[in-house]
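Worksheet: one structure, shown below.
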Amino acid sequence: MTAGTPDAGHGGPLGRPAPGPAGGPAVYVQDLCKSFRVFRHRPGALGAVRSLVDRSSHEVRAVDGVSFTIQRGEMVGCVGPNGAGKSTTIKMLTGILHPSAGRVEVLGLSPQRRRKEVARHIGVVFGQRTQLWWDLPLIESLDLLRYVYRVPEATFERNLATFRQLLDLDLFLSTPVRQLSLGQRMRGDLAAALLHDPEILYLDEPTIGLDVVAKHRIRDFLRRINRERGVTVLLTTHDMADVEQLCSRLLIIDQGKVLYDGGLAEIRDRLGRERTLVVDLAEDGGALEGPLSVPHACEVRADGPRRWLRFSRDDTTAADLITAVASRYRLRDLTIEEPEIEAIVRRIYEAGLDSSSPAGSQGSTIE
Ligand SMILES: Nc1ncnc2c1ncn2[C@@H]1O[C@H](COP(=O)(O)OP(=O)(O)OP(=O)(O)O)[C@@H](O)[C@H]1O
Ligand SMILES: [Mg+2]
């Protein structure tokens with residue numbers, strides 16, 4: 001699905017964004033680099049007094065040769081440890097920062113050279129910062145943005161009515177932004193970022209600090225604007241549930257480099273070789289002493305009649321294992337637990353993609 005190509009969602013309550021420059025991907029990034037020169041201050045002879053002579057600097061390679069392409073209508077999640085380069089990458093995609101090297105194109109335009117034009121087609125939410133006016137009631141901030149983005153009145157009215165309903169804004173539309181809770185402020189920021197019908201939405205940690213209900217509401221909203229409007233979404237997060245619930249594609253960035261770019265199902269399949277079969281024995285727990293004995297599986301936990309059997313895709317299939325368990329023990333119920341994506345990603349952060357691969361697998365990247 002592309003932003004300019006109607007699909008089943010056409011005619012939904014969200015309408016469609018104005019099409020940007022035709023053809024090509026939404027975002028194209030090739031060998032992108034960004035270095036910062038960071039000055040270290042050392043105390044001078046007078047302790048607290050710092051002198052210029054004492055200043056030394058070093059270079060931080062925040063983004064170090066990143067390449068990826070995002071097609072129109074995609075929803076991509078970007079994760080990585082603190083300081084990985086996620087926000088710096090987003091800032092280059094908006095035009096706020098200039099790359100040290102490499103190429104960025106947003107809808108075929110350079111965000112640095114054509115910043116104003118690109119701004120008409122993108123919406124941005126930085127979870128840690130608001131683009132709303134702190135002292136103004138939310139509605140006045142939205143009204144001001146309408147002039148900044150030159151949003152036609154009919155579009156503004158239509159979008160405001162939609163966002164008031166979907167994001168439940170009415171309760172706090174007249175409240176100054178500084179008095180809003182974090183979740184309310186985030187909903188206001190989302191409305192603000194989408195007022196001008198952008199084709200692309202960048203979200204830098206949109207669910208940071210939110211409670212489970214607020215996260216759910218925001219995820220629901222993002223799913224709708226992606227499905228019904230075809231808005232391309234790139235989000236960064238530390239919450240893997242955001243990625244699991246919203247994105248089919250995952251970018252893992254660490255130390256300024258792309259470690260993984262691919263499907264969620266694919267990484268789970270490739271690196272999450274181990275699954276767990278949870279069985280409830282029909283016998284009462286006391287009747288069966290000791291761990292279950294089944295080929296190609298290892299009992300890793302027991303709680304009365306409930307047993308957890310870990311097994312690897314390399315050794316057996318779930319179907320064969322279930323047959324083997326059922327032929328030895330009488331079962332009341334069973335479930336299969338898939339590997340948690342969070343655990344897989346944590347292992348990649350800690351040890352890199354190679355070390356997370358099962359023995360015998362090849363290749364250092366899955367792209
Ligand atoms: N303006 C700046 N000046 C100097 N160094 C910077 C600047 N902005 C970012 N950095 C450095 O670049 C690196 C990447 O930072 P960035 O904010 O992109 O990371 P991140 O992946 O967004 O991390 P987090 O998950 O903590 O938000 C870090 O080492 C950071 O200290
Ligand atoms: Mg960041």
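So the values come out like this:
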read-out	value
Net charge, residue 245 excluded, C-beta distance under 10 Å - Lys, Arg +1, Asp, Glu -1	-1
Nearest-0.05 FRET efficiency for residue 327 and residue 135, computed from C-beta distance (R0 56 Å)	0.20
Partner lysines for residue 257 [C-alpha distance under 27 Å; skip if fewer than 8 residues away on the same chain]	34, 86, 91
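Read-outs throughout are calculated quantities, based only on the coordinates presented, and are distinct from any laboratory measurement. Fair warning: this is a prediction, and the values are worked out from it, not measured in the lab. Positions of Cβ are generated from backbone atoms using ideal geometry, with glycine treated the same way; all protein chains shown enter the neighbour counts.
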